[in-house]
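**Student:** First, the structure itself, so that you have it in front of you.
The values are calculated or read from the model by the stated rules, or taken from the named source; none is laboratory data. Computed from a prediction, not measured in an experiment: that's the story for all the values here. Here the Cβ is made from the backbone with ideal geometry for all residues, glycine too, and neighbour counts use every protein chain on show.
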Amino acid sequence: MALSVLPWAQQLPASRLTQLPKEARSVSRSNGAERSKALHQRILDNNFGIVRCKDLVWRRQDSERFYAEHSGRFFYQRLVEFMSSGPMRAYILAREDAISHWRELMGPTKVFRARFNSPASIRGQFGLTDTRNTTHGSDSLESAQREITFFFPDFCADEWMKKEEPLFRSGQIRYDHQNQIHTLSLSS
């Protein structure tokens, strides 16, 4: 899960990033390092800026708390177990209309549908089952804000919008390969 941003180092869009609704959160739960690298590159190739990124391993309680709204549904147990079974990477991404762009890039939740209708999507290429479909993305601004707070409790979206977003928008950033995020590149 992550918030979405554009890969500013590769391309800067002419459009402006002006509102939090353009942020999205995404989480990738990939099977293996190669898929993780491929997913990261897809984020960059699709003009998302990486505002924050971190690797983590959830305990069962973390997964249960995050997916509490699905408690009692038929897939809940499998989802909780899968999400707490190994490492994952959470992102805050940014770009114009990030949520809808990220959801389109992910493809349908159902892997069979993704492979048939959106074979080039992330889930179409990397998803294994409907539970192990590789990635998650916020479906609304409200979800993005809630999920960002869950994964990045020290991140203040309002402060980022005031202080960093204008610099991202004006191209005063660079991609930091070591930390795998976009950072400000202010000259002294």
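**Student:** Tell me, yes or no, whether segment 83-101 has at least one residue that is within 17 Å of Lys37 (Cα to Cα), of a type in the set (Phe, Trp, Tyr), surrounded by 19 or more Cβ atoms within 10 Å (Cβ to Cβ) and at pLDDT below 90.
**Tutor:** Among the residues of segment 83-101, not one is within 17 Å of Lys37 (Cα to Cα), of a type in the set (Phe, Trp, Tyr), surrounded by 19 or more Cβ atoms within 10 Å (Cβ to Cβ) and at pLDDT below 90, which makes the answer no.
**Student:** Give me a count of the residues in segment 79-98 that are outside any strand (DSSP E or B) and more than 27 Å from Arg60 (Cα to Cα).
**Tutor:** The qualifying residues number 4.
**Student:** While we're here: Could you grab me the full set of residues in segment 167-176 that are surrounded by fewer than 17 Cβ atoms within 10 Å (Cβ to Cβ) and either modelled with pLDDT of 90 or more or not in a helix (DSSP H, G or I) (or both)?
**Tutor:** Across segment 167-176, the qualifying residues are Ser170, Gly171, Gln172, Arg174, Asp176.
**Student:** Are any residues in segment 110-166 in a loop (DSSP other than H, G, I, E, B), touching a residue at least 24 places away in the same chain (Cβ under 8 Å) and among the hydrophobic types (A, V, I, L, M, F, W, C), and if so, which ones? Spell out the reasoning first.
**Tutor:** As a first pass, look at segment 110-166 and keep what is in a loop (DSSP other than H, G, I, E, B): 110, 118-121, 127-134, 138-140, 152-156, 164.
From what's left, touching a residue at least 24 places away in the same chain (Cβ under 8 Å): 128, 130-134, 138-140, 152, 155, 164.
Of everything in segment 110-166, those that are in a loop (DSSP other than H, G, I, E, B), touching a residue at least 24 places away in the same chain (Cβ under 8 Å) and among the hydrophobic types (A, V, I, L, M, F, W, C) turn out to be Leu128, Phe152, Phe155.
**Student:** In addition: Which residues, counting only those in segment 177-188, are surrounded by 11 or more Cβ atoms within 10 Å (Cβ to Cβ), part of a loop (DSSP other than H, G, I, E, B) and hydroxyl-bearing (Ser, Thr, Tyr)?
**Tutor:** Ser185
**Student:** Name the single residue, out of those in segment 58-81 being free of Cβ contacts under 8 Å to residues at least 12 places away in the same chain and hydrophobic (A, V, I, L, M, F, W, C), that is surrounded by the most Cβ atoms within 10 Å (Cβ to Cβ).
**Tutor:** Looking at residues that are free of Cβ contacts under 8 Å to residues at least 12 places away in the same chain and hydrophobic (A, V, I, L, M, F, W, C), I get Ala68.
**Student:** Another question, then. Being more than 24 Å from Met161 (Cβ to Cβ), at pLDDT below 85 and of a type outside the set (Phe, Trp, Tyr) narrows it down to one residue among Gly32, Gly72, Gly107; which is it?
**Tutor:** Criteria check complete, one pass: Gly32.
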